[in-house]
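Worksheet: the structure to be examined is printed underneath.
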């Protein structure tokens, strides 16, 4: 019938559709521009509209977006949607540098690239920006972790938990997948009593270590001079390679520095960590 499609007689004689409408199946409707669809008397792009995703009245649930006509999770900044999960492709070994780009069993993911895990990770001297996986897959086990502001844990408790033959001191921004700074040496060297003084250190495995139960615990690069007041406040040539935690009356007592980042005694944004291995 002509009234099915005649905008001047739409559905019946003399029933005129408004400007911008067409007559379709005897009813006036909006004339949608190319690439849009009429849904609930509005022209929408069903490829991107979360209330009409892929078709009219197909809404996405809360927390999803409409992308190319399909509902998907809305990933936070810095993450990517892979198999309906938001992942960090810079550090995810199952999606390294892109979705479904998996690293091998002997690899870890860093900076969107798969790297071979070192066997028996035992570097010489202080190291910066080391992925946690490099350490743990290199044979080290975490035996102590606390915020930099934490105090009151007995050193004897820490050392009872960290009882293997090699110790590593490390620090990082809280929950980071990368350790900002670390160094290790045989346990006897890391906890060698350097006395209640400002400058004495004990050199082992490329680092200048110091430990005293009522002053501080930490390291600097080998041949660097420290000033333990009570933590090492010196800068020297390599301030970025210095770590220091306060000790007091045989207890852990806050922490002063992680490399060049200092004055961390009240910080929960940084963590102090001890690893051990045989």
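Checked against the criterion of being outside the structural domain of residue 178 (by TED's automatic domain parsing), over 21 Å from the mean Cα position of the chain (by Cα) and part of a loop (DSSP other than H, G, I, E, B), the candidates 10, 28 yield just one match: 10.
Scanning region 212-251 for residues that are buried (at least 20 other Cβ atoms within 10 Å of the Cβ) and in contact with a helix residue (DSSP H, G or I) (Cβ under 7 Å, 6 or more places away or on another chain) turns up 220, 247.
Within region 255-278, residues that are in contact (Cβ under 8 Å) with a residue 12 or more places away in the chain and on the phi > 0 side of the Ramachandran plot reach partners that are surrounded by 23 or more Cβ atoms within 10 Å (Cβ to Cβ) and assigned to a loop (DSSP other than H, G, I, E, B) with beta carbons closer than 8 Å, at six or more positions or on different chains, in the pairs 259/242. Quick test of your reading of the structure: residue 22 fulfils all but one of (1) over 26 Å from the mean Cα position of the chain (by Cα); (2) modelled with pLDDT under 80; (3) assigned to a loop (DSSP other than H, G, I, E, B). Name the failing condition by number. Checking residue 22 against (1) over 26 Å from the mean Cα position of the chain (by Cα); (2) modelled with pLDDT under 80; (3) assigned to a loop (DSSP other than H, G, I, E, B), the one that fails is (3). Could you please find all residues in region 155-191 being touching a helix residue (DSSP H, G or I) at 6+ places or on another chain (Cβ under 9 Å) and surrounded by fewer than 17 Cβ atoms within 10 Å (Cβ to Cβ)? Answer for region 155-191, where residues must be touching a helix residue (DSSP H, G or I) at 6+ places or on another chain (Cβ under 9 Å) and surrounded by fewer than 17 Cβ atoms within 10 Å (Cβ to Cβ): 163, 164, 165, 176, 177, 178. Taken together, the criteria place residue 121 among residues that are part of a loop (DSSP other than H, G, I, E, B), in contact with a helix residue (DSSP H, G or I) (Cβ under 9 Å, 6 or more places away or on another chain) and crowded, with 16+ Cβ neighbours inside 10 Å. Assigned by TED's automatic domain parsing to the domain that holds residue 134 and within 16 Å of residue 272 (Cα to Cα): does that describe residue 216? Yes, satisfied. Scanning region 47-97 for residues being over 19 Å from residue 133 (Cβ atoms) and part of a loop (DSSP other than H, G, I, E, B) gives a total of 25.
Restricted to region 105-118, and to residues that are over 13 Å from residue 137 (Cα atoms) and outside any strand (DSSP E or B), which residue is modelled with the lowest pLDDT? The selected residue is 111.
Checked against the criterion of being over 18 Å from residue 127 (Cα atoms) and more than 27 Å from the chain's Cα centre (by Cα), the candidates 198, 210 yield just one match: 198.
The values are calculated or read from the model by the stated rules, or taken from the named source; none is laboratory data. Just so it is clear, the structure is predicted and the values come from calculations on it, not from any experiment. All Cβ positions, even for glycine, are placed from backbone atoms using ideal geometry, and neighbour counts span all protein chains on display.
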